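Since every read-out is calculated from the coordinates, none of them should be taken as a lab result. Nothing here was measured: the structure is a model prediction, and the numbers come from that model. Note that each Cβ is placed from the backbone with ideal geometry, even for glycine, and that neighbours are counted across all protein chains shown.
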Amino acid sequence: MKLLLIEDEAALRQTLAASLRQNGHVVETAADYAQAHEKIKLYAYDCVLVDLTLPGGDGLDLVRTLKADKSAAGVLILTARDGLDDRVRGLDLGADDYLTKPFHLSELNARLRALLRRRQFGGQQTLVFRELTVWPDAAEVRVRGALLPLTRKEYDLLLYLLANPGRVLTKEAIAEHLSGDQVDTADSLDFIYSHLKNLRKKLTELGAENYIRTLYGVGYKLSLE
Ligand code: CA
């Protein structure tokens, strides 16, 4: 999943980002309010992890901005403040969950898995699409019971398509989803093509239908027909 981690303490930011990346997420970071505000205005994320006390502003205002923009991103508040008021205000503003610092990395990752499951899979442990079954917690996909051997990028790509059935996803949106803002070049569009080619090949080899449609010059979509 693609995450934005907003945290001004450099050491904590690096530790958290490393742990989240190890868990297979694409992680972008912001170190202050202005940087975070710019990113949430420019890019789409599956989840935003926001510290409340930031240089240049209040993390709760970022939550307000996300909600005012009708962002689809989940919101997880990371707070050192032990005030009940802040947590209640955060949840009232539409945040999905919060963690009080200090917390264990395993708890952060577990809360994040639960949050993404709630938001993307309606709280289900598995997602079923035709002959495919996906276990998001294990990052595992099976075709009629047979394990589909996917790379991390192929898995992320398939999940992105499954989360947007019937919707056209542009190559640019897919590139941004898979790589974050490091990759804004034409090269990244070629790598989408090769990931898609491999994904289709693996699906059809296990006997799944090819439901990933190409709309030439536009992008791709998961066909519901
Ligand atoms: Ca802080």
Separation of alpha-carbon centers, the stretch 3-51 and the stretch 77-110, rounded to whole Å: 15 Å
Using the per-residue mean of other Cβ atoms lying within 10 Å as a proxy for protection, in what order, highest first, do the peptides 70-79, 141-150 fall? 70-79, 141-150
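Size of the dipole of the chain about the Cα centre, Lys and Arg at +1 and Asp and Glu at -1 on the beta carbon, nothing else charged, in debye to 20? Present the calculation step by step, with values, prior to reporting the outcome.
Numbers: 30 positive and 32 negative charges, 199 e Å.
Result for the chain is approximately 960 debye, rounded to the nearest 20.
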Two decimals, Cα atoms only, Kirkwood Rh: what is Rg/Rh over the stretch 127-222? 0.95
Using only the Cα atoms of the stretch 2-120, what do you get for the radius of gyration and for Dmax, in Å? 12.7, 33
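If the limit is 26 Å between Cα atoms, which of K70/K202; K2/K171; K39/K171; K171/K202 go over it? Walk me through the numbers before you get to the answer.
Working: K70/K202 36 Å; K2/K171 16 Å; K39/K171 20 Å; K171/K202 20 Å.
Distance filter (> 26 Å) returns K70/K202.
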Tilt, helix 33-42 to longest principal axis of the chain (alpha-carbon atoms), in degrees rounded to tens, equals 30 degrees
